[in-house]
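Engineer: Quick one: structure below, then a few questions.
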Amino acid sequence: MRESQEGGPRSDGSPAEAASASSSPARMPAIFVGHGSPMNAVEKNSYSDAWRALGAALPRPKAVLVVSAHWYILATAVTAMPRPKTIHDFYGFPRQLYEVEYPAPGDPDIAARIVEVAAPVWVGLDADSWGLDHGAWSVLRSMYPAADVPVIQLSIDASKPPSYHLDLGRRLAPLRDEGVLILGSGDIVHNLRLASFDTPGAFDWAKRFDADVLRYVREGNDQALVDYDRHPDGRLAVPTPDHYLPLLDVVGARLPGDTLSVFIEDVIAGSLSMTAFRLG
């Protein structure tokens, strides 16, 4: 994947500037990934290959903050335990998948920092009830296979409107300059009721919605992203908002000068988007 370079102030190359740069964490991107089936965690395919290449290409983050479609509750909370458990939040899959463990550490200090930067939005500290669900570890297992990067998970507050999630992403954006990678994990199009795994490619309406959402991200049309249900195909593409809302946290975390890189653009089984992009 070829990355665009934005212009900026030039360095004078002084030792003092070099020392300052070396002591500051690299600005991390904000990334949205269509995670699809949990089986992507154990299969070698084009999606897991792309996630692996992404992790190898990025600067090493201080931590990863994951907004997963699968922690969808009536509150905004972050995992604040030092050792989050691996949650197998699915059924009917091969035994191999239930045996997967992703023992990445947590980071209570960064969880507390998230509470600070989100204020006055209330964020609860979860010390024992959740952990890392498959929306997080199915992707991170490829990105950081050694499970040696701290991971904090942020819930999706099901009681709040889409605009809340966009605003929360804006509040979280400063974390990127503190070495925290923001990762949204869901699917732009996620209609399992209409999915047909014998169908190659995408239904026309799913392809249109997926392409239009990418166009809105590219154009910076945040209002269209918030008003996704007004899109002619929005009700079919997003019958429930859980898999779509992580995208708004990611887009909200956009910083000036960010470029958009789409590294997966694909809709499978008719109505399941695997599209993934990074900002920055």
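Each reported figure results from applying straightforward, stated rules to the coordinates on display, with no laboratory input. Because the structure is predicted, anything quoted here is derived from the model rather than measured. Note that we place each Cβ from the backbone using ideal geometry, even for glycine, and neighbour counts take in every protein chain shown.
Engineer: If packing is taken as the average number of other Cβ atoms within 10 Å across a peptide's residues, how do 202-215, 234-247 rank, most packed first?
Structural biologist: By packing density, highest mean first, the sequence is 234-247, 202-215.
Engineer: Can you give the relative contact order of the chain as a percent, counting alpha carbon pairs under 8 Å and 6+ residues apart? Could the numbers behind the result be given before it?
Structural biologist: Numbers: 584 pairs, mean separation 83.2, N = 280.
For the chain, the relative contact order is 30 percent.
Engineer: Oh, and also: Please state the Cα pair-distance histogram of the chain with 10 angstrom bins from zero: what percent is in each bin?
Structural biologist: Per 10 Å bin, starting at 0, the Cα pair percentages come out as 7, 30, 37, 21, 5, 1, 0.
Engineer: Can you tell me how much longer the chain between D148 and D227 gets when fully stretched, taken as 0.36 nm per residue apart minus their C-alpha distance, in nm with one decimal? Intermediate results must be reported in sequence, preceding the final value.
Structural biologist: Values: separation 79, 0.36 × 79 = 28.44 nm, distance 3.80 nm.
Between D148 and D227, full extension yields 24.6 nm more.
Engineer: So if I restrict to the alpha-carbon atoms in region 77-203, what is the Rg, and what is Dmax, the biggest pairwise distance, in Å?
Structural biologist: 16.3, 48
Engineer: Find the all-direction average of the projected area of the Cα convex hull for region 235-276, expressing the result in square nanometres with one decimal place. Can you show the working numbers first?
Structural biologist: Values: hull surface 14.4 nm².
Mean projected area of the Cα convex hull: 3.6 nm².
Engineer: Return the FRET efficiency for the residue pair R170, V42: r is the Cβ-Cβ distance, R0 is 25 Å, and the value is rounded to the nearest 0.05. Could the numbers behind the result be given before it?
Structural biologist: Details: r = 36 Å, r/R0 = 1.42.
The computed FRET efficiency comes out at 0.10.
Engineer: Under the rule of -39500 (n - 2.57) per DSSP H run of 4 or more residues, summed and divided by the residues of the chain, what mean residue ellipticity at 222 nm is obtained, to the nearest 500 deg cm²/dmol?
Structural biologist: Details: 10 runs with 90 residues, N = 280.
Result for the chain: -9000 deg cm²/dmol, rounded to the nearest 500.
Engineer: Around I156, which amide H atoms from residues at least 5 apart in sequence, or from another chain, sit under 5 Å from its own amide H, with H modelled in the peptide plane?
Structural biologist: Correct list: W71, Y72, I73.
Engineer: I would also like to ask the following. What percent of all Cα-Cα pairs in region 131-171 falls in each 10 Å bin, counting up from 0?
Structural biologist: Spelled out per bin, shortest first, that is 24, 38, 31, 7.
Engineer: Rounded to the nearest 5, what is the percent of antiparallel bridges among the DSSP beta bridges in the chain? Spell out each step's value before the answer.
Structural biologist: On the way: 11 of 34 bridges.
Counting only bridges with both partners in the chain, antiparallel ones make up about 30 percent.
Engineer: In nm, to one decimal, how far is the F263 label point from the T240 one, both placed 7 Å along Cα→Cβ?
Structural biologist: With each label point 7 Å from Cα toward Cβ, the separation is 2.9 nm.
Engineer: Quick one: pull the percentage of alpha-carbon pairs in region 125-276 with a separation above 23 Å.
Structural biologist: Taking all Cα-Cα pairs of region 125-276, the fraction more than 23 Å apart is 39 percent.
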